[in-house]
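Working notes, beginning with the structure itself.
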């Protein structure tokens with residue numbers, strides 16, 4: 001991204017961004033589904049503690065929203081860092097912690113709910129992805145994403 005941006009080849013930014021998102025989403029969703037479909041076998045390779053695998057069976061479905069959120073967030077974050085717009089990334093992190101992560105984590109901690117802790121993490125990532133997407137849409141002229 002940064003090399004295209006620095007070289008003034010702004011028309012190449014959008015295709016690279018779209019391809020990066022598609023590839024990351026594809027890989028993330030595929031990995032999540034493999035773990036969702038075969039949790040005993042795959043997590044059994046990581047641990048031999050049957051108690052942990054039993055707990056994991058109830059939590060494994062969180063991998064799908066987690067990997068989707070991670071894919072979008074990290075591609076968009078890499079995009080803005082490549083354009084040397086790191087302050088936008090920092091703002092997305094601060095807003096996501098305050099709005100998405102802290103409220104859910106505090107409630108989850110009080111209620112001893114692992115599902116709320118998962119929700120806190122997914123919310124943190126999803127809010128970052130939404131924030132970065134909005135900035136991308138609003139500043140597309142300034143950042144040269146979809147410049148003709």
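The values are calculated or read from the model by the stated rules, or taken from the named source; none is laboratory data. Everything numeric here is computed off the predicted structure, so don't read it as measured data. So basically every Cβ, Gly included, is an ideal-geometry build from the backbone, and we count neighbours across all protein chains shown.
Which pairs turn up if I take residues in segment 127-147 that are at pLDDT below 90 and look for partners that are in a helix (DSSP H, G or I) and surrounded by 19 or more Cβ atoms within 10 Å (Cβ to Cβ) with beta carbon separation below 6 Å, at least 6 apart in sequence or on another chain?
Qualifying pairs under 6 Å: 145/13.
Regarding residue 93, is this residue touching a residue at least 12 places away in the same chain (Cβ under 8 Å), under 22 Å from the mean Cα position of the chain (by Cα), over 17 Å from residue 28 (Cα atoms) and in a helix (DSSP H, G or I)?
Working: touching a residue at least 12 places away in the same chain (Cβ under 8 Å): yes; under 22 Å from the mean Cα position of the chain (by Cα): yes; over 17 Å from residue 28 (Cα atoms): yes; in a helix (DSSP H, G or I): yes.
Answer is yes for this residue.
What's the number of the condition residue 55 fails, among (1) over 22 Å from residue 121 (Cα atoms); (2) more than 23 Å from the chain's Cα centre (by Cα); (3) part of a helix (DSSP H, G or I)?
Residue 55 satisfies all of (1) over 22 Å from residue 121 (Cα atoms); (2) more than 23 Å from the chain's Cα centre (by Cα); (3) part of a helix (DSSP H, G or I) except (1).
Just to be sure before I move on: is residue 14 over 17 Å from the mean Cα position of the chain (by Cα) and either under 15 Å from residue 133 (Cα atoms) or touching a residue at least 60 places away in the same chain (Cβ under 8 Å) (or both) in the structure I sent?
Numbers: over 17 Å from the mean Cα position of the chain (by Cα): yes; either under 15 Å from residue 133 (Cα atoms) or touching a residue at least 60 places away in the same chain (Cβ under 8 Å) (or both): yes.
Considered against the rule, which asks whether it is over 17 Å from the mean Cα position of the chain (by Cα) and either under 15 Å from residue 133 (Cα atoms) or touching a residue at least 60 places away in the same chain (Cβ under 8 Å) (or both), residue 14 comes out as yes.
Is it true that some residue in segment 25-36 is within 21 Å of residue 119 (Cα to Cα), in contact (Cβ under 8 Å) with a residue 12 or more places away in the chain and surrounded by fewer than 14 Cβ atoms within 10 Å (Cβ to Cβ)?
The answer is yes; a qualifying residue exists.
Each row is one residue, and each column tells you yes or no for (1) under 16 Å from residue 121 (Cβ atoms); (2) modelled with pLDDT under 95; (3) surrounded by 16 or more Cβ atoms within 10 Å (Cβ to Cβ).
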| residue | (1), (2), (3) |
| --- | --- |
| 68 | yes, no, yes |
| 81 | no, yes, no |
| 89 | no, yes, yes |
| 102 | yes, no, no |
| 108 | yes, yes, yes |
